[in-house]
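> Structure below; questions to follow.
The values are calculated or read from the model by the stated rules, or taken from the named source; none is laboratory data. Values in this document were obtained by computation on a predicted structure and should not be read as measured data. Please note: Cβ atoms are built from the backbone with ideal geometry, for glycine as well, and neighbour counts cover all protein chains shown. The accessibility values were calculated without ligands, DNA or RNA, using every heavy atom of the protein model including side chains. Shrake-Rupley method; radii C 1.70, N 1.55, O 1.52, S 1.80 Å.
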Amino acid sequence: MANKILAKDKLDDFIAKLGQGAEVFAPKQDGAKTTWQAVSSADDVDFDFVNTDMSPKDFFFPQTECMMHFKNDPGAEDGMIFQAEEVIATPKSILNMRPCDAKAFQILDMIFVQDEMTDDLYWRLKREQSLICGLACNEPCPTCFCSSVNCGPHHEVGQDLQLVDLGDKFLVKVLSEKGEAKVDDLPDAADADEAKAAELKASAEAAMVSKVSTDKIAEKEILELYEDAMWDRVYEGCLNCGTCTFVCPTCHCFDIQDEVQGDYGRRVRNWDYCMSWLFTMHGTGHNPRGTKKSRVRQRFMHKFKYIPVKRDGEIGCVGCGRCIQMCPVNIDVRQVVDQMNS
Amino acid sequence: MQQRTEKIREMAKQLLADGAVDVVIGYRKGTVAMREQPFVAHTPEEADELVWTGFCCNNLANLMPRREDKVGVVAQGCVSRNIVGLIQENQVDRDRVKVIGVPCLGMVSKRKVEAAVDFKPIFEAIEDGDKLIVKGKGFEETLERKQMLRDNCFTCQHRNPVIDDGLVCDKVDDAAGGDIDKMAAPWEELEAGERWAKFNDTFSDCIRCYACRDACPLCYCHVCFVDEAKPQWCGKTQDTADVQTFHILRAFHCAGRCTDCGACESACPMDIKMRLLTSKIEKDVRALYNYTPGMDIKATPPMSVYRPDDPQEFIK
Amino acid sequence: MKNLLEYVGIEPGRLHFSWISSAEAEKFQKTVMAVTDAVKALGPANQMIKQISPEGAAEPDDEQEVA
């Protein structure tokens, strides 16, 4: 699949093509906030944002989602039966997703859709109807460390297309058949364009200020890491709020509960966060992660040790840096990982 | 500011070396711009990392309830009032606390600085007297520090600690200069419909991360009302009624106790101005009960005691 | 609480306070009727309503309990 060139004055056509049979979304910066918005023309689209405040995971994993409903009415034909809600999966074209966020979806795919018994339809049906057109980062920000965690500013995983801003035009990397169908009318890229993109990739990687090493973490025994004295200090400032979890593109924990109003009830899934004491609270009153230290340790062990062990070396973090920016008490994942790796 | 840092280190090191405290709770330099890191120093060597800047935006009294050790804590006016509040509520034992008192010049609002540089990415912000030098992607600008202060710092009425075991510098004027009665509860002037619209709008971005609650020293309940399940007082969904219930009730639980320290707004990742609610309550408490929280360790907060002369016109 | 709810724009007539002792049965009855009338006069509430059931909001006369 040959790469293509998208001239900047052809953006409207491109967005229209992405919008055929789908709704197009792209990040838009409005003052302090950079959020995902529906777009229909090039004027709506920003190309010089850093990254969105919240990750795009709620396209496929909404913060609140109704899964099924029921009627508490023995007399009714459909009473006392759980009925699945129609999964609201509409076709979406997500434009200008950063490679870190796109890679996060690949990791989440491994978790939400594992085998016959673990096939989360609410996730999968939405994913299958989406097209992802990434935007490579030419200028990583100081808190990005994607290249340290099996990702990178021009990483191609998880995308159907990827735009690389060459200055006067975009190189469009064609990464899947779904993507190819949207750019078959664009001119092929020349060798010089490919070379320029490669140069930009190299300079972006060189410009990455934040680095962490995870090689030793892979070698250490789980229990050795778990019992390490470092956790006695890391947790001290943590508020145990849900900020890091909710802004993180790879965090995926949820809570399911039933809500009832009169004779009608519904089962909803909401985002949950493992930093909460309630997350692991058992009905008996026992709490296996009843201390702040155990919960903080869990977060980092899960992302940097348990997931790599369970998923063939994949790291549960894509280096997007949102948690570093947003943590109210400046708990810095880079510092924690460096300690884990020492 | 540097003087405060040095004196904090000196006092902290002394307290730790003498064994008067087991740890000192303060701040050390953060890894991102405009946010220092709450830090617990266990030894005099670690105490050398303590700093005091205009980016110390949390409330360290938050780390104090349910501790069994003797703590030293670096506290400015609002934080010291929260310490008094926690002592009144029996969450902190005065005999096991040493307060390193800091007369405060106010904290910088990261959000205001971001707005002042048109939201260009910021890499570093440095305080220089009454100026703030901001460096970022392709720019360097100098701003007036006073204009970048947090809203609550701008209208602060108690910048000096109300309780201390030593001050790090001379006291400053208690009042910061802003008029709190003018700035508090801005929606009072509006019609009901407009107030409802503003209220909805203010909390529309809330993601229920509870950073505001968890940053707040008043919120130390073992089981917060939002975590109750039998019955579930407040739903966990993103339905606006659930989100609004959380914020209204939390504000109400802080009535007569909130010192307007601003840690909630500084913690919020979505830049929600929940002080628009709490400032109304704080103003009412002052007007109705003539009470300012945390000023007097022996006082009894109005919400925890009934007095025959309590205002009652609203009760039929 | 009354001031706070009014401040966010909720109609003042929805929240009432009264001191009533268990020995004041008549006052209790009169107060309940007065509050019921006052709230009914305001019509269905449309603020801070969490609508779970798809059949629409409960009628004002309906004694449904919201869980």
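> Report, as a whole number in µm² per second, the diffusion coefficient that Stokes-Einstein gives for the range B:202-310 at 20 °C and 1.002 mPa s using the Kirkwood radius over alpha carbon pairs. The partial results should precede the final answer.
Values: Rh = 15.0 Å.
For the chosen part, D equals 143 µm²/s.
> I'd like the distance separating the alpha-carbon centroids of the range A:1-69 and the range A:215-247, in whole Å.
Cα centres, the range A:1-69 to the range A:215-247: 34 Å.
> With point charges of +1 on the Cβ of Lys and Arg and -1 on the Cβ of Asp and Glu, referenced to the Cα centre of the protein assembly as shown, which listed residue (A:Pro99, B:Ala229, B:Gly54) lies farthest in the positive direction of the dipole?
Comparing the listed Cα positions along the dipole, B:Gly54 ranks first.
> If you don't mind, there's one more thing I want to ask. How well do other chains shield peptide B:264-270, expressed as the mean number of their Cβ atoms within 10 Å of each residue Cβ? Walk me through the numbers before you get to the answer.
Details: counts 1, 0, 1, 7, 4, 14, 8.
Averaged over the peptide's residues, the number is 5.
> Here is a further query. Given the Cα atoms of chain B, and with Rh set as the inverse mean 1/r over their pairs in the Kirkwood sense, what is Rg to Rh to two decimals?
Values: Rg = 19.9 Å, Rh = 20.6 Å.
Ratio of gyration radius to Kirkwood radius for chain B: 0.97.
> Okay, moving on. Across the residues of A:324-337, average count of Cβ atoms on other protein chains within 10 Å?
Whole-number average of other-chain Cβ neighbours for A:324-337 is 6.
> On to the next question. 222 nm [θ] for the protein assembly as shown, helices only, -39500 (n - 2.57) per DSSP H run of 4+, per residue, to 500? Could the numbers behind the result be given before it?
Values: 26 runs with 218 residues, N = 725.
Calculated mean residue ellipticity at 222 nm is -8000 deg cm²/dmol.
> I'd like the antiparallel share, as a percent to the nearest 5, of DSSP beta bridges with both residues in the range A:26-175.
Working: 15 of 23 bridges.
Antiparallel bridges: around 65 percent, rounded to the nearest 5.
> Ignoring ligands, DNA and RNA, what percent of the 1.4 Å accessible area of the protein assembly as shown is carbon and sulfur?
Working: 16670 of 32800 Å².
For the protein assembly as shown, the apolar C and S fraction of the accessible surface comes to 51 percent.
> Farthest toward the dipole's positive end in the range A:57-177, which of A:Thr143, A:Val174, A:Phe70, given Cβ charges of +1 (Lys, Arg) and -1 (Asp, Glu) about the Cα centre?
Ranked along the dipole, the leading option is A:Thr143.
> Which value, in debye to the nearest 20, describes the size of the charge dipole of the range A:65-155 about its Cα centre when Lys and Arg Cβ atoms bear +1, Asp and Glu Cβ atoms bear -1, and nothing else is charged? Each step should come with its number before you reach the end.
On the way: 7 positive and 14 negative charges, 122 e Å.
So the dipole magnitude of the range A:65-155 works out to roughly 580 debye.
> How much accessible area does A:Leu186 have with a 1.4 Å probe, in Å² rounded to the nearest 10?
Roll a 1.4 Å probe over it and A:Leu186 shows about 30 Å².
> Follow-up question, since we're still on this one. As I understand it, the dipole of chain B uses +1 on the Cβ of Lys and Arg and -1 on the Cβ of Asp and Glu, about the Cα centre. Which of B:Cys216, B:Gly26, B:Ala116 lies farthest toward its positive end?
B:Cys216
> For chain B, give me every cysteine whose Cβ has no other Cys Cβ within less than 4.7 Å, ordered by residue number.
Unpaired cysteines in chain B: B:Cys56, B:Cys57, B:Cys104, B:Cys153, B:Cys156, B:Cys169, B:Cys206, B:Cys209, B:Cys221, B:Cys224, B:Cys234, B:Cys268.
> Moving on to the next point. Return, ordered by residue number, the residues of the range A:318-342 whose backbone nitrogen is under 17 Å from a label point located 7 Å along Cα→Cβ of A:Lys293.
Hits in the range A:318-342 for A:Lys293 at 17 Å: A:340.
> From the Cα gyration tensor of the range A:85-142, with a ≥ b ≥ c the square roots of its eigenvalues, which class applies: rounded if a/c is under 1.5, or else prolate if a/b is larger than b/c, or else oblate?
It comes out oblate by the Cα gyration axes.
> Would you jot down the residues in the range C:1-17 that end up with at least 30 Å² less accessible area in the complete protein assembly than in the chain alone, with a 1.4 Å probe?
Residues shielded by partner chains are C:Met1, C:Lys2, C:Asn3, C:Leu4, C:Tyr7, C:Val8, C:Gly9, C:Phe17.
> Lone cysteines in chain A, going by a 4.7 Å Cβ-Cβ cut-off?
Within chain A, the cysteines lacking a partner Cβ under 4.7 Å are A:Cys66, A:Cys133, A:Cys137, A:Cys141, A:Cys144, A:Cys238, A:Cys241, A:Cys253, A:Cys274, A:Cys317, A:Cys327.
> Same structure again: Out of all DSSP beta bridges with both ends in the protein assembly as shown, state the antiparallel percent to the nearest 5.
In the protein assembly as shown, approximately 75 percent of DSSP beta bridges are antiparallel ones.
> Ok, one more. Chains B and A: buried accessible surface, both sides, probe 1.4 Å, rounded to 100 Å²? Spell out each step's value before the answer.
Details: alone 15990 and 16610 Å², together 29400 Å².
About 3200 Å² of accessible surface is lost on pairing.
> Then there's this: What shape does chain A take by its C-alpha gyration tensor, where a ≥ b ≥ c are the square roots of the eigenvalues and a/c under 1.5 counts as rounded, a/b above b/c as prolate, and the rest as oblate?
Details: a/c = 2.13, a/b = 1.18, b/c = 1.80.
Verdict is oblate for chain A.
> Just tell me how shielded A:228-238 is by partners: mean number of partner chain Cβ atoms within 10 Å of each residue's Cβ, no decimals.
2
> Right, here's the next one. For the range A:106-222, what is the Kirkwood estimate of the hydrodynamic radius, computed as the reciprocal of the mean inverse distance between distinct Cα atoms, to one decimal in Å? All intermediate terms of the calculation are to be shown ahead of the outcome.
Details: mean 1/r = 0.0603 Å⁻¹.
Its Kirkwood hydrodynamic radius stands at 16.6 Å.
> Continuing with this model, one more query. Taking the Cα centre of the range B:182-240 as origin, work out the dipole magnitude from +1 charges on Lys and Arg Cβ and -1 charges on Asp and Glu Cβ, in debye rounded to 20. Let's see the in-between values first.
Working: 7 positive and 10 negative charges, 47 e Å.
Charge dipole of the range B:182-240: 220 debye, to the nearest 20.
> Let me ask something else about it. Once you put a point 7 Å from the Cα of A:Leu121 and another 7 Å from the Cα of B:Glu140, both along the Cβ direction, what distance in nm separates them?
About 6.1 nm separates the two model spin labels.
> Averaged per residue, what accessible surface does the protein assembly as shown expose to a 1.4 Å probe, in Å²?
Details: 32800 Å² over 725 residues.
Result: 45 Å² per residue.
> Okay, moving on. For the range A:282-342, go through all pairs of different Cα atoms, get the mean of 1/r, take its inverse, and jot down that Kirkwood value in Å.
Values: mean 1/r = 0.0763 Å⁻¹.
Kirkwood radius, the range A:282-342: 13.1 Å.
> Around B:Ala263, under 11 Å between beta carbons, what's the net of Lys plus Arg minus Asp minus Glu among the other residues? Provide the component values of the computation, followed by the final result.
Details: positive: B:Arg150, B:Arg213, B:Arg275; negative: B:Asp214, B:Asp260, B:Glu265.
Taking every Cβ under 11 Å from that of B:Ala263, the sum is 0.
> Further question on the same structure: Return the ratio Rg/(2.2 N^0.38 Å) for the range A:201-257, where Rg is computed over Cα atoms only. Walk me through the intermediate numbers first.
Values: Rg = 16.5 Å, N = 57, 2.2 N^0.38 = 10.2 Å.
Here the answer is 1.61, to two decimals.
> Here is a follow-up. Roughly how many debye, to the nearest 20, is the charge dipole of the range B:87-164 about its Cα centre, given +1 on each Lys and Arg Cβ, -1 on each Asp and Glu Cβ, and no other charges? Each step should come with its number before you reach the end.
Numbers: 14 positive and 14 negative charges, 18 e Å.
For this selection, approximately 80 debye.
> Follow-up question, since we're still on this one. Could you tell me the center-to-center distance, by alpha carbons, between the range B:51-65 and the range B:141-211 in angstrom?
16 Å
> Once you sort the root eigenvalues of the Cα gyration tensor of the protein assembly as shown as a ≥ b ≥ c, which label holds: rounded (a/c under 1.5), prolate (a/b larger than b/c) or oblate (the other case)?
Details: a/c = 1.69, a/b = 1.18, b/c = 1.43.
Oblate, since a/c reaches 1.5 and b/c is not below a/b.
> Kindly state, to the nearest 0.05, the FRET efficiency for B:Ala287 paired with A:Asp73, given R0 = 45 Å and r defined as their beta-carbon distance.
Details: r = 52 Å, r/R0 = 1.15.
That pair, B:Ala287 with A:Asp73, gives E of 0.30.
> Sticking with this structure for a sec: Out of all DSSP beta bridges in chain B, what portion is antiparallel? Express it as a percent rounded to 5.
Roughly 70 percent of the beta bridges in chain B run antiparallel, per DSSP.
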